[in-house]
Structure formats: C-alpha cells, structure tokens
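Trainee: Below is one structure. I have some questions about it.
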Amino acid sequence: MKRELAVAVELARRAGQAVMDVYATEFVVASKGHNDPVTEADRQANDFIVTGLKEAFPLDTVVAEESPLPDDLPASGRVWYVDPLDGTKEFIARNGEFSVMIGLAVNGQAQLGVVYRPEGDVLYAGDLGREAWMEQRGIRSALVIKEQDSGRPFTLAVSRSHRHPMVEEISRALDVGNEIPSGSVGLKIGLIARGEADVYLEPGPYTKLWDSCAPEAILRAAGGAFTTILGQPLIYGETRAEVSVKAQLANTHGLLASNGFCHERVVQALKPVVEELGLKPR
C-alpha cells in the first residue's frame, strides 16, 4: 500500500491547498438539502481528488461525496471513499476545523486512510496492519495509542456543529469527565490517536461511509477501535439489491471510536441508548 498511501497523501495536500484558496475569498454557500451546505471548495477538492485517483488507479471504484453515486457498492475489491471537505460548517464559520479525507476499503474493510487539516498543516495517515503517523509542518511522528488508566473519567471528542441530542445522556452513562468539541470526524479521531481523547461517538444515522473509511483505517492502524455503536464492524460495500446505494452509504448504526482499551466498556454502557434508538444487530 506504499504507492496508494503516497498518492492519497499528495492528493489530500494539494486538495487542501485548493480548499484554502477558496477559504481566502468571499465564497458563496449553497445548499444540497436541509442543514447540508456546500461550497465551491467542496466541489473543487472533490473533482481534483477523484480525477487523481482514477488516473492513478483506473481499475478501482471511487465513491465521493460531491460526485454522482455509482450504480452499486462492490462488496469485494478496492473502493476509495472521499470526503473532499469534512466539516463544511466549520469551513463556513472559518474556525479551521475541517479536513480532506481519503480512504481505501479492500473487500469491505477500511484499509488505508489520510486525513489532512489544511489549517495548521496537520496530516494523519494510516495503513492497517502496517503503521499510522501524524505529520505537522514537516515533522512526522508515529501514532501508537498507549494504554490508559481504566479507572479515570473519559474524555469525549464531540461534534461542534452536529451535536446529537442524546450526547448529554450518553455522557452521564459513560462517566465523561471532559469534552473536546471539534469539527470533522477525521480530526476527532486524530484526537484519540494522539491520546488527547478516549472516545468519539455518533449515535445517529447521519454519517456516511466517506466520513468513516479514512478515520477508521488511521485509528485502527494506531491501535484504536472503530465500530458501530453496537460494537459491530463497519462494512464498506454491502451489496443489497433491495436497498438503494444512498441508503447503503449511511452508517445507520452510528459510529463508535475509542482508544481500544475502553471500547467494550463503552459498548456495554451504550446498551440503554441502543435500545432507546431501536437499533438491532445485523
């Protein structure tokens, strides 16, 4: 995966520069639907990354947020999942908490990921089974999660713009001692990989596979865990003829990411929430 990772890193960095070029202007905000803004930065970064991936890996499938959806999601083979600007609301708010995310799933599992935060030049990368690392302003360091004291209160990475109404209930159930608000799923996972947070979760069905693929590969490569809130693996490319591709892209059982050491404890604590939401195992 060395070539794949190198290509993804280069595309993420260059797409990030295109995003920042728009960021410096009085850009226009459009809407794709209710509470779903989009900007020229989303579209430019999307087109650049998709073109680059198709040129580098013409036999692979590319699924990107701002591109037309494919006819199906292959359950086997290689599929790239691209979120060209994760944290559009943060981009619009000009708080810097947005990222470019490029992930590769192989045979339905997240394998490789790159998350790049242009503001501050912070890049996270991971190749599952090989390594994870972070690079900031040219300085690279390995991402290896260290075991934490199991008795201390959790630090929870929470969404700045998409806070689920059940977060307060969940925080009490988990004995959360501190919250770190952040935009972008990828940047929240970066906080866990760096040891600054223990858990991130999204109980609702509001994220898509392009929100989770790159972050999952990075976090798991660093030693963390990434599942649904039921504790089940995420599946990238579950072909179901009776379900639309749009529905297949949704993480309908939410997301749960952790440092790994506390994951089962969190899954057990979330059981009342799972029951309240009416979620059932696959």
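The values are calculated or read from the model by the stated rules, or taken from the named source; none is laboratory data. The structure presented is a predicted model; accordingly, all values stated were derived computationally and were not measured. Neighbour counts run over all protein chains shown; Cβ positions are idealised from the backbone, glycine included. Note: accessible area is taken over every heavy atom of the protein model, side chains too, but ligands, DNA and RNA are not part of it. Shrake-Rupley method; radii C 1.70, N 1.55, O 1.52, S 1.80 Å.
Trainee: Which semi-axes, in whole Å and largest first, does the equivalent ellipsoid of the stretch 86-128 have when worked out from the alpha carbon gyration tensor as the square roots of 5 times its eigenvalues?
Mentor: For the stretch 86-128, the semi-axes come out at 25, 12, 4 Å.
Trainee: Rounding to the nearest 10 and keeping the result within 0 to 90°, find how far the Cα-based axis of helix 40-56 lies from the longest principal axis of the chain.
Mentor: The helix 40-56 is inclined about 80 degrees to the chain.
Trainee: Report, to the nearest 10°, how far helix 209-221 tilts away from the longest principal axis of the Cα atoms in the chain, using its own Cα long axis and a range of 0 to 90°.
Mentor: Result, in degrees: 70.
Trainee: Also, I was wondering about something else. Below 8 Å between Cα atoms, with a sequence gap of 6+, how large is the relative contact order for the stretch 4-102 in percent?
Mentor: 27 percent
Trainee: Across 10 Å bins from the origin, how do the percents of Cα pairs in the chain run, short distances first?
Mentor: Over the chain, the share of Cα pairs per 10 Å bin runs 7, 31, 38, 21, 3 percent.
Trainee: If one takes the longest principal axis of the Cα atoms in the chain, at what angle in degrees, from 0 to 90 and to the nearest 10, does the Cα axis of helix 2-23 lie?
Mentor: Helix 2-23 and the main axis of the chain meet at about 80 degrees.
Trainee: Among G186, G52, G231, which one moves the most in a GNM of the chain with springs linking Cα atoms closer than 10 Å?
Mentor: Of G186, G52, G231, the most mobile in the Gaussian network model is G52.
Trainee: Find the Cα radius of gyration of the stretch 1-99, compare it with 2.2 N^0.38 Å by division, and give the number to two decimals.
Mentor: Here the answer is 1.12, to two decimals.
Trainee: If you roll a 1.4 angstrom probe over the protein chains with everything in place, what fraction of the accessible area of the chain belongs to carbon and sulfur, to the nearest %?
Mentor: Roughly 49 percent of what the probe reaches on the chain is carbon or sulfur.
Trainee: Report the semi-axes of the equivalent ellipsoid for the stretch 135-282 in whole Å, largest first, where each axis is √(5λ) for an eigenvalue λ of the Cα gyration tensor.
Mentor: The equivalent ellipsoid of the stretch 135-282 has semi-axes of 24, 20, 14 Å.
Trainee: What is the spin-label model distance, in nm, from A250 to E135 if the labels are put 7 Å beyond Cα along the C-beta direction?
Mentor: Distance between label points: 3.8 nm.
Trainee: OK, next. If you average 1/r across every pair of different Cα atoms in the stretch 231-282 and take the reciprocal, what Kirkwood value do you get, in Å?
Mentor: Across the stretch 231-282, the inverse of the average 1/r is 12.7 Å.
Trainee: Convert 10 °C to kelvin, take the viscosity as 1.306 mPa s, use the Kirkwood radius over C-alpha pairs of the stretch 29-188 as Rh, and evaluate the Stokes-Einstein diffusion coefficient in µm²/s, rounded to a whole number.
Mentor: Once the numbers are plugged in, D ends up at 90 µm²/s.
Trainee: Which shape class, rounded, prolate or oblate, goes with the stretch 181-265 when its Cα gyration tensor gives a ≥ b ≥ c as root eigenvalues, a/c under 1.5 marks rounded, and past that a/b bigger than b/c marks prolate?
Mentor: prolate
Trainee: Rounded to the nearest whole Å², what accessible area per residue is found for the stretch 117-245 with the 1.4 Å probe?
Mentor: 42 Å²
Trainee: On the first, second and third principal axes, largest extent first, how far apart are the outermost C-alpha atoms of the stretch 94-185 in Å?
Mentor: 37, 34, 31
Trainee: Excluding residues fewer than 8 places away in the same chain, name every one of the lysines whose C-alpha is closer than 17 Å to that of K208.
Mentor: Here the lysines satisfying the reach criterion relative to K208 are K32, K89, K188, K246.
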